Amino acid sequence: MRILFINIKFTPITYTLTFTEQGLPSGTSWSVTVNGTTKSSSTSTITFTLTQGYYKYTINNVSGYNSNVTSGNVNLVANTTISIKFSPINYFLTFTEQGLPSGTTWSVTVNGTTKSSNTSSIVFTLPEGIYYYIVNTVSGYYSNVTSGSISLITDVNVNIDFTSTSNSLVIKVVNSNGQPVAGASVTINGVTETTNSNGIAVFANISQGNYTITIGNLTSGNYTLEASYNGKVATQSLSTSGQSVTLVTKVSSNEIKISSITSSNNMIYYIILALVIVASIITVSLLYLKKRSVK
């Protein structure tokens, strides 16, 4: 009697669990985790080859995007495809103005797109990213903010103050290369303003008269100061080794004139000189009185 052995090999039936995405920019990496195993791709599909069974999956976060499916379970008994739709997360970039008369039109340009309004706010709805903005000129007004850049990862508000150029004393500081100096302190009558990105500080409601202007927060070097008032302009060259500079400026309806300039170094020099002179006078007087008393 012959015994016949037949070898039988069983192999598990496998199925494909495929995730397809839409909405991400071409080449963007995304990933899916199934029962603890993660696969990623920079194409539109991710495929797992699995045996029959229950599986838990998670669609992992992609920075700056939401997905319509974030997680779920599937009973895999056939090839299965799950579609994922990504959409960008948008944030509000809001510009709020004050100082303009009600109904005045103003505008802001963000990455080449301009929006205008005759209310106090302009709002851009944008996805995460870096944005460059310009606050466009409004005739007869200066703004404390003229341009800038923002890394938008949450809602952002930019406040803008407009000041009428009428009866405003406008101070502009530029360096020896003609570039605006931002961050310089300008003090007039105890009021201090800081120059904006255009090197400008504005003082509103200035009446005619003489004013002492102190420029500070400058590094060592040569500068040019421009003062303007109701269409009249005066310029003055400045030189400092890092100390503040004080100017006397005359403002009138006919002209604006910078009549004198003193650096803090010179002021200290004159103070010391005055103290030396006073001390010398006192010494001579004491010697004279002592000689008289001896006689």
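Number of residues in the stretch 248-272 that are at pLDDT below 70 and among the polar types (S, T, N, Q): the value is 6. The single condition among (1) hydroxyl-bearing (Ser, Thr, Tyr); (2) modelled with pLDDT under 95; (3) under 30 Å from ILE150 (Cβ atoms) that TYR91 does not meet is (2). Considering the stretch 25-46, and only residues there that are of a type in the set (A, V, I, L, M) and over 39 Å from the mean Cα position of the chain (by Cα), the residue that is surrounded by the most Cβ atoms within 10 Å (Cβ to Cβ) turns out to be ILE46.
For ILE122, the conditions (1) part of a strand (DSSP E or B); (2) in contact with an Asp or Glu (Cβ under 9 Å, 6 or more places away or on another chain); (3) more than 30 Å from GLY231 (Cβ to Cβ) all hold with the exception of (3).
Taking residues in the stretch 127-143 that are assigned to a loop (DSSP other than H, G, I, E, B), and partners anywhere that are β-branched (Val, Ile, Thr) and modelled with pLDDT under 90, the pairs with Cβ atoms closer than 6 Å and at least 6 places apart or on different chains are GLY140/THR165.
Restricting the search to the stretch 3-24, which residues are assigned to a loop (DSSP other than H, G, I, E, B) and surrounded by 10 or more Cβ atoms within 10 Å (Cβ to Cβ)?
As a first pass, look at the stretch 3-24 and keep what is assigned to a loop (DSSP other than H, G, I, E, B): 3-13, 23-24.
Matches in the stretch 3-24: GLY23, LEU24.
Residue count for the stretch 67-114, restricted to those that are more than 38 Å from the chain's Cα centre (by Cα), in a strand (DSSP E or B) and either more than 30 Å from THR14 (Cα to Cα) or touching a residue at least 60 places away in the same chain (Cβ under 8 Å) (or both): 5.
The values are calculated or read from the model by the stated rules, or taken from the named source; none is laboratory data. Given the structure is predicted, the values throughout are model-derived calculations rather than measurements. Neighbour counts are summed over all protein chains in view; Cβ atoms, including those assigned to glycine, are modelled from backbone coordinates with ideal geometry.
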